[in-house]
Amino acid sequence: MTVNRKQAAVILSGNPNALGVARALGEQDIPVVVVHYAPFDIAQHSRYVTESLAAPHPEKDPEGFLALLLQHASSWPGGIIIPTGDEAVVFASQHRTLLEKYFQVACPPWEFAERYIEKRHTYALAAACGIPIPQTLVPQNDDEIVEFSRGIEFPCLIKPSEGHLYFAHFKRKMTSVGNLDELLTAYREARDAGFEVMVQEYIPGDDDTVVNYNAYFIDGQALAEFTARHIRNGPPWFGSPRVVCSERIPEVIEPGRSILRALGFNGFACTEFKFDRRDGLFKLMEVNGRHNLSTLLAVRCGLNFPLLHYRHLAFGEVPISTRYEEGRYWIDLVRDIGFSLAFRSRERYRLSDYLRPYLHRHVFAIWALRDPVPFWARMMFIVRKPFQKAMSSIVPGKG
């Protein structure tokens, strides 16, 4: 399926999500522009990227970021803006009206995007629709936390309403706490830093109890669907996936469709559930209204969601597809090796469990023989980061 017309795909962010999108589209001869802004971005180094632009961060300088896009708008007539990080989704959705004068924008307006960016709204909608969720509290004070803690078991979680902002500040997706004192401390720490957080019960279970429902959703209908199971996360039990496997998981299809309908969502979304063995239910964890970290898994299994998204916006083609290969793995090589070594005494995997994804059909998140530079760029950042941190501690004015 090759595209002849040369509307550019303008990807906002150079993160690993963006790399998957760039490869999925660039392999189809679509011009790819990467607008990157973070020091650890790598997608701009891909051989499939036609043009890359260094930009101010859209959260720190949205006016500068917008000005840069508008400055280059005439170079990308009819371009499709594809945000691949939550901060880019926030920017594109909040500036959608102006951007649509020059581009097509692959995310909904802020009034809809806010419902999944701010997770307290997502959980409220899910509860109203009867979609199972973990016990969750949006606390207003310490007393509410104390009362809530009486009805749940520890450990439990402090989860941010806006995860990308919390991660940028604390360098973690959430905080696991083992008792009430730790819970209050973590809550106060987040509150004092200006973050709205939720207290949520922890659903016990290994990483493979977490599954993804990926869908291209238009006007209340799922036009293409794909499900996959997390095999290993990094860090284990609380982190993002480092190994994922394609698998048909019919139990999450209807709740996945239901939450996207409740959100009024249009476009591509990856919705995450976790199986709770205590009551036998898959419970909603989050909705990511953008192309996700393991984008290339679905692509290699036969469902090229970035291409479906592009062709729908560029040409009005309506995709209908539910066929895909099962049993293929997606592996974030560096993170899998790193976390496997770091947690080898705590993870209960045999050597054969670690090796299985590598011995079956698989795709790597970053490494690709035909497109190796993003991998080496990532490795350079990993090597350079501790050196820069050490230098900042001994050289005045560095940091």
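The values are calculated or read from the model by the stated rules, or taken from the named source; none is laboratory data. Keep in mind the model is a prediction, meaning the values are calculated, not measured. When we count neighbours, we look across all protein chains shown, and the Cβ atoms used for this are built from the backbone with ideal geometry, even at glycine.
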It is to be established whether one or more residues within region 131-142 are touching a residue at least 60 places away in the same chain (Cβ under 8 Å), among the polar types (S, T, N, Q) and in a loop (DSSP other than H, G, I, E, B).
yes
Qualifying residues in region 310-347 (those that are within 19 Å of residue 218 (Cα to Cα) and touching a helix residue (DSSP H, G or I) at 6+ places or on another chain (Cβ under 9 Å)) - the one modelled with the lowest pLDDT:
321
Pairs returned, first residue in region 312-324 that is touching a residue at least 40 places away in the same chain (Cβ under 8 Å), second residue that is assigned to a helix (DSSP H, G or I) and surrounded by 12 or more Cβ atoms within 10 Å (Cβ to Cβ), beta-carbon separation under 8 angstrom, 6 or more apart or interchain, are 318/312; 319/308; 319/311; 319/312; 321/308; 324/298
Mind listing just one residue for me: the one in region 99-130 that is over 30 Å from residue 310 (Cβ atoms) and within 21 Å of the chain's Cα centre (by Cα) and, of those, surrounded by the fewest Cβ atoms within 10 Å (Cβ to Cβ)?
124
Residue 397 meets each of (1) modelled with pLDDT of 95 or more; (2) on the phi > 0 side of the Ramachandran plot with one exception, condition (1)
